[in-house]
Number of protein chains: 2
Amino acid sequence: MTTSGLQHTEYLHQFGIKSTRQRNAVLDVLIAHDGIQTAGELYQAVVRTGELVNFSTVYRILELFQEKGLVEKSTFPGSSQCVFSLRKAGHSHHLICLGCKKTITISKCPLAMFEQGVAEDTGFTIVGHDLELYGYCPECQKKRNRK
Amino acid sequence: MTTSGLQHTEYLHQFGIKSTRQRNAVLDVLIAHDGIQTAGELYQAVVRTGELVNFSTVYRILELFQEKGLVEKSTFPGSSQCVFSLRKAGHSHHLICLGCKKTITISKCPLAMFEQGVAEDTGFTIVGHDLELYGYCPECQKKRNRK
DNA sequence: TTGGTTGCAAATCGTTTGCATCCCG
DNA sequence: CGGGATGCAAACGATTTGCAACCAA
């Protein structure tokens, strides 16, 4: 860990989250990796930074971060595994490469008007949606073509 | 079970699936329930019809049905549980009530053009997407307002 | 000081698998 | 009859929990 610890503390406080060594470490990893990762990958990454954090603590921290709106929990397409990502300002979605799991954050969301229409048609109050796009990134496309 | 067994057999054959007592029973439940359900709910429903089917068989059948394009596997928002639903003709999505889990199938999908734009921007080949809307149905809204 | 946070280990949940038996075609 | 389908029980991976020790405020 570097001098960023203090900044993390402030950042967490903004979300009403008490700062601890472990939470700073998890936040570090979330910031460093722009995209989605499973709890396991996140845990591995924390360990790699040299910080000692228990696996169940990682889960508890992720749950807390999610409640406070700092991270977003979603699901890797097809699998039943949860993935986590830092919530960006505003509303965004992910484009996920099925080959290498590379993730691109998409800040445009085409659903606002659509939701409104659906709400009118159904009488539902729509509070949100899950949207993930998936496909293959340029590199993985090449690999697939070679086969 | 009623006389529908024979119809189910034909239906399954259309998908290249051999008919068995257990598969007919699962298909029955899938047809009866318009919307998504977890493997567990589906299993319970099968048991309730009086058919004897093993839990792991249900999983195997659902996996097979999915491979053959008869059912769709997705994820319940927020949770890590898989849910299954009969695949409708064409492309569709679900609007899920967070209160009572009632599901409405939405046959419109606003993403085709959006995907094209994202593909051009990123160089990705986009092969699909997960989209689920969630909110509260009219009944559950009332319940919530009473609190 | 003290209530919230963590580590540890065990429990739990959903899902998958190996293998012997069974049944559809 | 034969190969695929099933039941059973055990394995499995991911996630959650109870409890005692610990630490940030």
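When A:S107 is tested against the conditions (1) surrounded by fewer than 16 Cβ atoms within 10 Å (Cβ to Cβ); (2) touching a strand residue (DSSP E or B) at 6+ places or on another chain (Cβ under 7 Å), the lone failure is (2).
Across segment B:38-74, the qualifying residues are those that are under 26 Å from A:L133 (Cα atoms) and acidic (D, E), and the one among them that is farthest from DNA strand C (Cβ to nearest atom) is B:E72. Every condition in (1) away from DNA strand D (no atom under 15 Å from the Cβ); (2) modelled with pLDDT of 95 or more is met by B:M113 except one, and the failing one is (2).
Here is the figure for segment B:74-87: residues that are over 19 Å from B:A25 (Cα atoms) and of a type outside the set (V, I, T) total 8. Tell me the residue from A:G99, A:G69, A:G78, A:G123 that is touching a helix residue (DSSP H, G or I) at 6+ places or on another chain (Cβ under 7 Å), more than 7 Å from chain B (Cβ to nearest Cβ) and surrounded by fewer than 18 Cβ atoms within 10 Å (Cβ to Cβ), please. One residue alone meets the criteria, A:G99.
Of the numbered criteria (1) more than 7 Å from every other protein chain (Cβ to nearest Cβ); (2) surrounded by 12 or more Cβ atoms within 10 Å (Cβ to Cβ); (3) hydrophobic (A, V, I, L, M, F, W, C), the one B:M113 fails is (2).
A:L52 fulfils the conditions (1) within 9 Å of DNA strand D (Cβ to nearest atom); (2) modelled with pLDDT of 90 or more; (3) in a loop (DSSP other than H, G, I, E, B) except for a single criterion, (1). Quick one: in segment B:1-49, which of the residues that are of a type in the set (K, R) and in contact (Cβ under 8 Å) with a residue 12 or more places away in the chain is nearest to DNA strand D (Cβ to nearest atom)? Of everything passing the filter in segment B:1-49, B:R23 is nearest to DNA strand D (Cβ to nearest atom).
A:G69 fulfils the conditions (1) closer than 18 Å to B:G78 by Cβ; (2) within 16 Å of DNA strand D (Cβ to nearest atom); (3) small (G, A, S) except for a single criterion, (2). Quick one: A:N145 ticks every box in (1) over 24 Å from B:G99 (Cβ atoms); (2) within 9 Å of another protein chain (Cβ to nearest Cβ) except a single one, so which number is it? The one condition A:N145 does not meet is (2). If I ask for residues that are within 14 Å of chain B (Cβ to nearest Cβ) and out of contact with any helix residue (DSSP H, G or I) (no Cβ under 9 Å at 6 or more places or on another chain), which ones from segment A:43-66 would you list? Those that are within 14 Å of chain B (Cβ to nearest Cβ) and out of contact with any helix residue (DSSP H, G or I) (no Cβ under 9 Å at 6 or more places or on another chain): A:E63, A:Q66.
The values are calculated or read from the model by the stated rules, or taken from the named source; none is laboratory data. Note that the structure is predicted; figures quoted are calculated from it, not measured. Because the Cβ atoms are built from the backbone with ideal geometry, glycine has one as well, and the counts that use them run over all protein chains shown.
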